[in-house]
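Asks: My questions will all concern the structure given below.
The values are calculated or read from the model by the stated rules, or taken from the named source; none is laboratory data. Please read these numbers as outputs of a predicted model, since none were measured by experiment. Because the Cβ atoms are built from the backbone with ideal geometry, glycine has one as well, and the counts that use them run over all protein chains shown.
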Amino acid sequence: MFICKYCSKDCNKRSHKNHELRCPKNANREYKNGMLGKKGSNQYTKSKSLCIEPPVYDRSKWKRGGAAAWSTEERSENAKKQGFGGYRENAGNSKKFRVIDSFGKETTLQSSYEFRCSEILNELGIKWIRPKALKYDNRNYFADFYLPDLDIWLDPKNSYKAKHDEEKIRKVIEQNSVRLFVLLEHQLTKEYIGRLAETD
C-alpha cells in the first residue's frame, strides 16, 4: 500500500500520485476542474463577511422531485402562469404580420405564407379566424386558419415543415374527424383555395 504524505490515506499504486496532487490537505494542491475545491463565495459566505442575515427560502413550497413530480393539472397551470405552451402571437424569429380577421379581431400571422393565405381568403370573400387548438394524443395542434362557414381548417407550410408534420397532421384529422388541408407554396392561389371552398 501507498500512504498519502499529507493525510495518511491508504492508496493503491495507480491512485497514489493523483491523490497527493489533489489532496485537500496539500497546501499546493492542483485543481482538475476550475473552482473545484477552491474557496469561493456564494450568498451565504457573502452575507457572513458583510455581517448581514443570510437569505431564507421557504422550502415548504418546493416540490420533491421537481417538475417530474407535478400532476398534469399542476404542470398545465404552471405553464399558463409562465406563458409556456400553446399558440403565442409573438413567438419565434419570423416576420410578423398584424391583420384583422373576418370578424374584426386583430391577430398576428407568423409567416409570409400565412399572410398570403389571409389575403387570398379576403379576396375570395371567405370568412376566417385563428382557431383554437385541435387535440391529438393529449397534445394541442394549432392550424393557422379556420373557415367557420365551410368547417375547414387550413395550414400553410413550407415543404420541409409539411413533411416533418405529416404524421401529426394525419393523427389530428383522424382523431378529430375534421377537414384540415396543408397548403404548400404552389397551392397558395385563388384557384386552388377556391376549389377547396367549393368541395363538400
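Asks: Residue by residue through the stretch 1-25, note down the ones that are part of a loop (DSSP other than H, G, I, E, B) and at pLDDT 85 or above.
Replies: 4, 5, 6, 7, 8, 9, 12, 23, 25
Asks: Could I ask something else about it? Return only the number of the condition from (1) in contact with a Leu (Cβ under 8 Å, 6 or more places away or on another chain); (2) under 18 Å from residue 109 (Cβ atoms) that residue 187 does not satisfy.
Replies: (1)
Asks: On to the next question. Every residue in the stretch 125-172 that is part of a strand (DSSP E or B) and surrounded by fewer than 16 Cβ atoms within 10 Å (Cβ to Cβ), please.
Replies: Our first condition is that a residue be part of a strand (DSSP E or B); within the stretch 125-172, this holds for 129, 134-136, 139-141, 145-147, 152-156.
Within the stretch 125-172, 129, 135, 139, 140 qualify.
Asks: Looking at the stretch 157-172, is at least one residue polar (S, T, N, Q) and without any contact (Cβ under 8 Å) to a residue 24 or more places away in the chain?
Replies: For the stretch 157-172, residues polar (S, T, N, Q) and without any contact (Cβ under 8 Å) to a residue 24 or more places away in the chain: absent.
Asks: Would you confirm whether or not the stretch 57-79 contains a residue that is at pLDDT 65 or above, touching an Asp or Glu at 6+ places or on another chain (Cβ under 9 Å) and not basic (Lys, Arg)?
Replies: No: the stretch 57-79 contains no residue that is at pLDDT 65 or above, touching an Asp or Glu at 6+ places or on another chain (Cβ under 9 Å) and not basic (Lys, Arg).
Asks: Give me the residue from the stretch 173-200 that is assigned to a loop (DSSP other than H, G, I, E, B) and among the hydroxyl-bearing types (Ser, Thr, Tyr) and, out of that set, nearest to residue 118 (Cα to Cα).
Replies: The qualifying residue nearest to residue 118 (Cα to Cα) is 189.
Asks: All but one of (1) in a helix (DSSP H, G or I); (2) under 25 Å from the mean Cα position of the chain (by Cα) hold for residue 119, so report the exception by its number.
Replies: Single failed check for residue 119: (2).
Asks: Which ones in the stretch 97-131 are touching a Ser or Thr at 6+ places or on another chain (Cβ under 8 Å) and farther than 24 Å from residue 198 by Cβ?
Replies: 97, 98, 99, 100, 109, 110, 111 - these are the residues of the stretch 97-131 that are touching a Ser or Thr at 6+ places or on another chain (Cβ under 8 Å) and farther than 24 Å from residue 198 by Cβ.
Residue-wise test of (1) farther than 25 Å from residue 96 by Cβ; (2) β-branched (Val, Ile, Thr).
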{"residue": "108", "(1), (2)": "no, yes"}
{"residue": "111", "(1), (2)": "no, no"}
{"residue": "115", "(1), (2)": "no, no"}
{"residue": "118", "(1), (2)": "no, no"}
{"residue": "147", "(1), (2)": "no, no"}
{"residue": "154", "(1), (2)": "no, no"}
{"residue": "159", "(1), (2)": "no, no"}
{"residue": "174", "(1), (2)": "yes, no"}
{"residue": "180", "(1), (2)": "no, no"}
